[in-house]
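Q: Handing you a structure now.
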Amino acid sequence: MDIRRAQAQDRAVVLALINAIDPDDYIPYCWDEWVADYENGIPLVAWFDGSLLGLAHVQFLSQRVAWLQALRVAPTARRLGVGTALTEACLRSAARARRHIARLLIDIDNRASLSLTAKAGFTQIAEWLRLEKSLVASPSAPLMRSPLPEHLPQLVKLARQHGLDLWHTDWQTYDLDIEALQVSLRKGSLQVLADKPTATMLDIVYDEDDQEYKTYNPVGDPGATLELLQAMEQAAYQQGLPRVAVLLAADSPFVPHLQQLGYEFARVQTADGKYIKDGVTIWEYDLTTLLAAETN
Ligand SMILES: CC(C)(COP(=O)(O)OP(=O)(O)OC[C@H]1O[C@@H](n2cnc3c(N)ncnc32)[C@H](O)[C@@H]1OP(=O)(O)O)[C@@H](O)C(=O)NCCC(=O)NCCS
């Protein structure tokens, strides 16, 4: 099997494979950008005997963290070690690019990927459960807006005071620092209360597939945070979205507050027919050893 950086000429075969696995996949929207970008990431393809067996992408989130995503293996080539080989190639690529940590997200019910990732040596560092709320009316709510750049240090401090060291925005999990908040600020997803801009913050992303606003890990003064969540609900309602969702740790102090506001745990059916609480898991791999090997 030959695993190498994807080139423009792989495009048609890659898109056909993605479409065969899942016609609604997000990867086609990103693929051309990933292939053209030699600075911020590495798209990989695995070929054997003229057939594309799989693909994956490493994105550099910062000087320290690499994000692994878009692992896909052709249905006819599964359970042969292709996913594992692509994951290992991603880790080597990240180490070669001098990143220290590789991180990735897996849906809580994706047993194949969870098992592969654990066997590949990753450690689970977070599990965030999904609470959702159907919107039936527009609550009156305070105004939210993007913070000013000078508010960011105080918002980082606030998050640290509450023990939050991961920042999840735009489907990726950054180290929580000013650089990560700047990413959210640039995308317009970082929101604060207009009248209390440093009391709390949320990264609010519009999820086109799920037709909802989604946010992760509320942090800060509970009263202010609930106000900001209500502002999110109002914005969603005004856009005609049927629902909002919050993902957070099971032991977060916000869980009972959210339930009081009418949020409920979402559930998902696993391959063996059981229903479990829906959510995502975040995994990390320490690249120190690989980094040393790549340097020597
Ligand atoms: C998940 C996926 C990438 C696995 O690729 P793969 O090439 O079949 O994986 P590997 O052969 O390297 O499997 C390694 C280990 O993962 C686990 N695994 C893989 N597929 C599994 C399955 N269907 N059920 C349970 N465990 C599975 C096993 O522990 C396996 O080791 P084993 O075969 O020795 O038991 C592939 O199923 C896929 O493309 N799925 C759809 C897309 C997806 O979910 N991507 C991951 C997004 S986070």
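Q: Any chance you could count how many residues in the range 65-106 are touching a strand residue (DSSP E or B) at 6+ places or on another chain (Cβ under 7 Å), of a type in the set (Lys, Arg) and either within 20 Å of Thr281 (Cα to Cα) or free of Cβ contacts under 8 Å to residues at least 12 places away in the same chain (or both)? If you could, list the steps in order and put the result at the bottom.
A: Here is the first cut: in the range 65-106, the ones touching a strand residue (DSSP E or B) at 6+ places or on another chain (Cβ under 7 Å) are 65-74, 77, 82-83, 85-87, 89-91, 93-94, 97, 99, 101-106.
Of the ones still in play, those that are also of a type in the set (Lys, Arg) are 72, 99, 103.
Right, trim to either within 20 Å of Thr281 (Cα to Cα) or free of Cβ contacts under 8 Å to residues at least 12 places away in the same chain (or both) and you get 72, 103.
So the answer is 2.
Q: Looking at the range 239-256 only, could you name the residues that are under 20 Å from Val205 (Cα atoms) and part of a loop (DSSP other than H, G, I, E, B)?
A: Gln239, Gly240, Leu241, Pro242, Ala249
Q: Another one. Could you go through the range 273-289 and let me know if any residue there is assigned to a helix (DSSP H, G or I) and either under 30 Å from Ser146 (Cα atoms) or among the β-branched types (Val, Ile, Thr) (or both).
A: Quick first cut of the range 273-289, residues assigned to a helix (DSSP H, G or I) only: 288-289.
Checking which are either under 30 Å from Ser146 (Cα atoms) or among the β-branched types (Val, Ile, Thr) (or both) leaves us with 288-289.
Yes, there is a match, as at least one residue in the range 273-289 is assigned to a helix (DSSP H, G or I) and either under 30 Å from Ser146 (Cα atoms) or among the β-branched types (Val, Ile, Thr) (or both).
Q: Would you mention how many residues in the range 31-74 are farther than 14 Å from Asp10 by Cα and out of contact with any helix residue (DSSP H, G or I) (no Cβ under 7 Å at 6 or more places or on another chain)?
A: Residues that pass the stated criteria total 13.
Q: Of everything in the range 101-110, what is more than 8 Å from the ligand (Cβ to nearest atom) and closer than 26 Å to Gln269 by Cβ? Give them in sequence order.
A: Let us first name the residues in the range 101-110 that are more than 8 Å from the ligand (Cβ to nearest atom), namely 101-103, 108-109.
Of everything in the range 101-110, those that are more than 8 Å from the ligand (Cβ to nearest atom) and closer than 26 Å to Gln269 by Cβ turn out to be Ile108, Asp109.
Q: Now for a separate question. So which residues in the range 45-74 are among the β-branched types (Val, Ile, Thr) and more than 8 Å from the ligand (Cβ to nearest atom), if there are any at all? I'd like the intermediate steps shown before the answer.
A: So the first thing to find is which residues in the range 45-74 are among the β-branched types (Val, Ile, Thr), and the list is 45, 58, 65, 73.
Of everything in the range 45-74, those that are among the β-branched types (Val, Ile, Thr) and more than 8 Å from the ligand (Cβ to nearest atom) turn out to be Val45, Val58, Val65.
Q: Would you please name the residue that is surrounded by the fewest Cβ atoms within 10 Å (Cβ to Cβ), looking only at residues in the range 75-100 that are of a type in the set (A, V, I, L, M) and near the ligand (Cβ under 8 Å from one of its atoms)? Lay out the reasoning, then the answer.
A: Initially, the range 75-100 is screened for residues of a type in the set (A, V, I, L, M), giving 77, 80, 82, 85-86, 89, 91, 94-95, 97.
Still in the running and near the ligand (Cβ under 8 Å from one of its atoms): 77, 80, 82, 85-86.
Working: Ala77: 18, Leu80: 15, Val82: 22, Ala85: 18, Leu86: 26.
It comes out as Leu80.
Q: When the residues of the range 13-60 are narrowed to those that are of a type in the set (Gly, Ala, Ser) and closer than 22 Å to Gln172 by Cα, which ends up surrounded by the fewest Cβ atoms within 10 Å (Cβ to Cβ)?
A: Just the residues of the range 13-60 that are of a type in the set (Gly, Ala, Ser), to begin with: 16, 20, 36, 41, 46, 50-51, 54, 56.
Narrowing further to those that are closer than 22 Å to Gln172 by Cα: 36, 41, 54, 56.
Details: Ala36: 9, Gly41: 21, Gly54: 26, Ala56: 26.
Here the answer is Ala36.
Q: Taking interchain pairs and intrachain pairs at least six residues apart, which have beta carbon atoms under 7 angstrom, with the first residue in the range 4-30 and hydrophobic (A, V, I, L, M, F, W, C) and the second modelled with pLDDT of 95 or more and assigned to a loop (DSSP other than H, G, I, E, B)?
A: Val14/Ala6; Leu17/Ala74; Ile18/Asp25
Q: Within the range 203-238, can you find the residues that are assigned to a loop (DSSP other than H, G, I, E, B), in contact (Cβ under 8 Å) with a residue 12 or more places away in the chain and surrounded by fewer than 19 Cβ atoms within 10 Å (Cβ to Cβ)? Full working, then the answer.
A: First, pick out the residues of the range 203-238 that are assigned to a loop (DSSP other than H, G, I, E, B): 204, 208-211, 217-218, 221.
Applying the additional criterion that residues be in contact (Cβ under 8 Å) with a residue 12 or more places away in the chain yields 204, 209-211, 217-218, 221.
Once the filter is applied, which keeps residues that are assigned to a loop (DSSP other than H, G, I, E, B), in contact (Cβ under 8 Å) with a residue 12 or more places away in the chain and surrounded by fewer than 19 Cβ atoms within 10 Å (Cβ to Cβ), the range 203-238 yields Asp209, Asp210, Gln211, Asp221.
Q: A further question follows. Looking at Leu143, Leu135, Leu152, can you tell me which residue is in the same structural domain as Val183 (by TED's automatic domain parsing), surrounded by fewer than 15 Cβ atoms within 10 Å (Cβ to Cβ) and either away from the ligand (no atom under 12 Å from the Cβ) or of a type in the set (A, V, I, L, M) (or both)?
A: Just one listed residue meets the conditions, Leu143.
The values are calculated or read from the model by the stated rules, or taken from the named source; none is laboratory data. In this text the structure is predicted, and so the values were computed from the model without any measurement. Positions of Cβ are backbone-derived with ideal geometry, glycine not excepted, and every protein chain shown enters the neighbour counts.
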